[in-house]
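The structure appears below as structure tokens.
The values are calculated or read from the model by the stated rules, or taken from the named source; none is laboratory data. What you are looking at is a predicted structure, and each value in this text was computed from that prediction instead of being measured. Because the Cβ atoms are built from the backbone with ideal geometry, glycine has one as well, and the counts that use them run over all protein chains shown. These accessible areas exclude ligands, DNA and RNA; they are computed on the full protein's heavy atoms, side chains included. Shrake-Rupley method; radii C 1.70, N 1.55, O 1.52, S 1.80 Å.
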Amino acid sequence: MRGLRKLTSLFTKVPQNFARNSDSTATTAEKSTLVKGKSPSKKPQTLGDGATNTDSLGFDSQDQDLQIPWGGIGKPTNLHYMQSRKVIARERKQKVVYKNTMHSRFADIVNLCGDKLGADDTLDIFGKLGRDTGLKEYNACIEVCINSAKKSFDEEESLQRIYNAYQILRAMKEHGVQIKETTYGPLLRYFVETGMVEEFEFFSKFITEVNPGAFSRVGYYEMLLWTKVGNENKVQELCNSIGVDNVGCELTESYLLALCERDRDEELVKLLSVIDVTKVSSQDYLSNIFESLGKRKLKNFAEKFIFSLSYNLVEDAISEFEKLHEKFHVPPSSFSYEELFRYCCKFREVHAALDIVDKMDELGFPLSLEKFHQLLDAVEEIRELDLVRPVYSRICRHNSDPSSETFRRMINLLVRMKDFEGAYNMLSDMEEMGIRPTTVMYNAIMAGYFREKNIRGGLMVLNQMKNADAKPDSLTYSYPIANCESEEDLVKYREEMQSSGIQHTKPVYMATINAHVKFGQFEKAKKVVADLVSSQCINEVKSVLVSALASHGQFSDALQLYKEIKQTGSRVEPKAILSLFDYFQSDGELDLLMDLLGELSDSDYWFDGCERIILYCVRHNLLSSAVDLLKKLKDIDDLSSYDVVNQAFAYLSEAEPTAVEVGLDFLRAIKEEVGLHPSRTSLDFLLSACASAKDAKRAWLIWEEYQKAGLLYNVLSYLRMHQVLLICGEFEAANIMLKNIATDDPHVRCIIQRSAAIFGASKCRSSKKNKKKKKKKSIASVM
């Protein structure tokens, strides 16, 4: 822009009006008065009752005889006191009103002069005023410059106004007035709105040199600028500049606010994943962040941040609690500790709650069993299931007799963390305490064993249940039926149910179908459904049969049954539809998959189905259809689209060598058509695919994509590229790549050594030696 050259030439001039020292603004009369040692004369202020306020007359010690003493008129009366107080109150009010309205009045005067006289004359007049110019006056004059530049259609005049603003900033620097955001903010925003990149860079450099503390806020305007002018490289550069040391700093906050303002979801997600929300500097910033999360439905980030903030709240509350009791030497009561315990459970701070339990135990304070149930609920909510053990130890140590409900909660948590032995031992503890285990508890432990395919463990629980005289129910038998290893076992369990008078229920029907299909008895499985003509669970049982047939190579029968269910106007369970996606092997029937996707109304299941279709399209090189689905997915959930893309590249990394070309085409499509930037994970998978295909040429193309995406090379990317080059026989390039890898980590050294042993580092060294010999020979021949 030629305007910058003009502007630079203007900046070489010395500012005239605003660069004066404040002492030079005194008038000649004032100077002469000050030289004689007297203050400038002031007009006496008249009080409301006609009296004169002698405090404001400016008398010095030599003029005391002119003041009227109280002794000449007698003692002061109540009327005098009342009048005095009125005078003082009136003066205070005048000062407050003047202080509050001074800035707005001055700004109005400056703006009025700017409209009537023009910017040049206005700045010249107020530059010659004999007042001590402060921050508010400087800001008002800069506002005149900005408004004048906005209204002007002449580039030369606009540059002149910018130069005037620079003069004011220089004057502020020379007079020691700090340049705050109220001063530079409107100026930088003007450059952002007009896209004046060079002017922005010049002013931002000057501002940060004068006020280094403004660096982070200038970063906010810089991010606004690059997103405004569409400089994607600069946007990515700023985002990638946020390293580990900068997490939670004000610069990250500034970038986040700018990205929220510009609706840049992709970059916003990248910064949200690294920011420490507990270090955000202001409540306004937090409000903007959560507002942005809500607008974009980023529930995972919102929950993560709320949890982090709640942890800080709990820590502060406990600290304040202890400080107050220590300050006033008041021993804490049982009630106050219970309230603090309840507060910790509310915010799911289990560790803090356990500490409070320990303190209550030391002081001999009781804690009800219901409070421990709240603590177990908090353990389940935060999913730190291993905390169930310290909770149980506190229950026993606190002399709180656990109830059957207490054991049920703890057994469920232990089963979820796959500690079946610990859950099983709980049954023995119950018997020692005289508490009889329930069928629900046995079922929970048995289900855990069978889910992990531990048939022996599941049957052990079943036998223990029978020995303890606990009555099995239909759910109990559904587990061994679904996991039986022979048809004889299936018959045995059904006979036991019949002899015990246990009725067949939905879980038993489903388990029986899965058992028949597993044994290849497809007709018997269909007969189970046929016998349930009038059952309320008929659609759910049919859906289980659809899934079972599809997963055991009977896709045609599964699809036919699906169509029959739809013809009756009934609903097919989403899991059954997803099983059709999983085992759909036919080529060229994408329309069928799209119809199945249309049946998934639940958003979670729809995402799963969409992901499966996209992977199907990538496997069969139907990239245009994959791209269309990715666009829909991106419009609904940006994060899910990245997960699907990563999974697609993960598949390509393990596919045939020809899949590398498909991967590059897919990479181009998601960048140009979908508008997604490839993640590091995706590019890592593509590099692995190049290693499998022994394709160094395409590996270099992918290597360039890291830079285009603004991703810095790390140890893993260097290692992968090093392996590709070794496999492809490019040993010299592999050695160069090796120099960039730090070998402090023993795992890294192990990978390098294994790669050298497998992919031929000896050839690399011998090739290097041969080149050296040839080089020496050629030099010798020249000599």
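Does PHE365 satisfy the condition of being farther than 27 Å from THR439 by Cβ and within 29 Å of the chain's Cα centre (by Cα)?
So PHE365 fails the test.
How about the stretch 187-205: which of its residues are part of a helix (DSSP H, G or I) and buried (at least 17 other Cβ atoms within 10 Å of the Cβ)?
Within the stretch 187-205, LEU187, LEU188, TYR190, PHE191, VAL192, VAL197, GLU199, PHE200, PHE202, PHE203, SER204 meet the criteria.
In the stretch 561-592, which residue that is assigned to a loop (DSSP other than H, G, I, E, B) and β-branched (Val, Ile, Thr) is surrounded by the most Cβ atoms within 10 Å (Cβ to Cβ)?
Out of the qualifying residues, it is VAL572.
What are the residue pairs meeting all of these: first residue in the stretch 158-174, first residue over 20 Å from PRO212 (Cα atoms), second residue assigned to a helix (DSSP H, G or I) and of a type in the set (Gly, Ala, Ser), Cβ atoms under 6 Å, and 6 or more apart or on different chains?
SER158/ALA149; LEU159/GLY3; ARG161/ALA119; ARG161/SER148; ARG161/ALA149
Do any residues in the stretch 608-620 that are open to solvent by 10 Å² or more (accessible area, probe 1.4 Å) have Cβ atoms under 7 Å from those of residues that are part of a loop (DSSP other than H, G, I, E, B), where the two are at least six apart or on different chains, and which pairs are they?
Pairs that qualify, where the first residue is open to solvent by 10 Å² or more (accessible area, probe 1.4 Å) and the partner is part of a loop (DSSP other than H, G, I, E, B), are HIS620/ASP587.
In the stretch 593-607, how many residues are more than 11 Å from LEU580 (Cβ to Cβ) and open to solvent by 60 Å² or more (accessible area, probe 1.4 Å)?
Summing the residues that are more than 11 Å from LEU580 (Cβ to Cβ) and open to solvent by 60 Å² or more (accessible area, probe 1.4 Å) in the stretch 593-607 gives 7.
Filter the stretch 338-377 down to residues that are of a type in the set (Phe, Trp, Tyr) and open to solvent by less than 10 Å² (accessible area, probe 1.4 Å) and give me whichever is nearest to PHE407 (Cα to Cα). Walk me through it before giving the result.
Filtering the stretch 338-377 for residues of a type in the set (Phe, Trp, Tyr) gives 341, 343, 347, 365, 372.
Now drop any that are not open to solvent by less than 10 Å² (accessible area, probe 1.4 Å), which leaves 341, 372.
Numbers: PHE341: 21, PHE372: 11 Å.
Per the criteria, the residue is PHE372.
Is it fair to say TYR220 is open to solvent by less than 20 Å² (accessible area, probe 1.4 Å), farther than 19 Å from LYS150 by Cα and among the hydroxyl-bearing types (Ser, Thr, Tyr)?
yes
Do we find that ILE179 is modelled with pLDDT under 85, out of contact with any Asp or Glu (no Cβ under 8 Å at 6 or more places or on another chain) and assigned to a loop (DSSP other than H, G, I, E, B) in this structure?
For ILE179, the condition - modelled with pLDDT under 85, out of contact with any Asp or Glu (no Cβ under 8 Å at 6 or more places or on another chain) and assigned to a loop (DSSP other than H, G, I, E, B) - is not met.
Against the conditions (1) touching a Ser or Thr at 6+ places or on another chain (Cβ under 6 Å); (2) open to solvent by 60 Å² or more (accessible area, probe 1.4 Å), where does GLU209 fall short? Just the number, please.
Only one criterion in (1) touching a Ser or Thr at 6+ places or on another chain (Cβ under 6 Å); (2) open to solvent by 60 Å² or more (accessible area, probe 1.4 Å) is unmet by GLU209, namely (1).
Of a type outside the set (Phe, Trp, Tyr), touching a Gly at 6+ places or on another chain (Cβ under 9 Å), modelled with pLDDT of 90 or more and closer than 22 Å to PHE450 by Cα: does that describe HIS552?
Details: of a type outside the set (Phe, Trp, Tyr): yes; touching a Gly at 6+ places or on another chain (Cβ under 9 Å): yes; modelled with pLDDT of 90 or more: yes; closer than 22 Å to PHE450 by Cα: yes.
When the stated conditions are applied, HIS552 passes them.
What do you reckon, is TYR651 touching a Lys or Arg at 6+ places or on another chain (Cβ under 7 Å), more than 20 Å from TYR718 (Cα to Cα) and not aliphatic (A, V, I, L, M)?
Answer is yes for this residue.
Among the residues of the stretch 506-560, write down those that are aromatic (Phe, Trp, Tyr) and either under 48 Å from the mean Cα position of the chain (by Cα) or in a helix (DSSP H, G or I) (or both).
TYR509, PHE522, PHE555
Could you grab me the full set of residues in the stretch 434-492 that are under 20 Å from THR505 (Cβ atoms), open to solvent by 20 Å² or more (accessible area, probe 1.4 Å), assigned to a loop (DSSP other than H, G, I, E, B) and touching a Ser or Thr at 6+ places or on another chain (Cβ under 9 Å)?
Residues satisfying the conditions are THR438, LYS471, PRO472, ASP473.
Give just the number: which of (1) open to solvent by 10 Å² or more (accessible area, probe 1.4 Å); (2) among the hydroxyl-bearing types (Ser, Thr, Tyr); (3) closer than 19 Å to GLU250 by Cα does TYR184 not satisfy?
(1)
Can you tell me which residues in the stretch 493-505 are open to solvent by less than 60 Å² (accessible area, probe 1.4 Å), of a type outside the set (D, E, K, R) and either outside any loop (DSSP other than H, G, I, E, B) or over 19 Å from VAL440 (Cβ atoms) (or both)?
Correct list: TYR493, MET497, GLY501.
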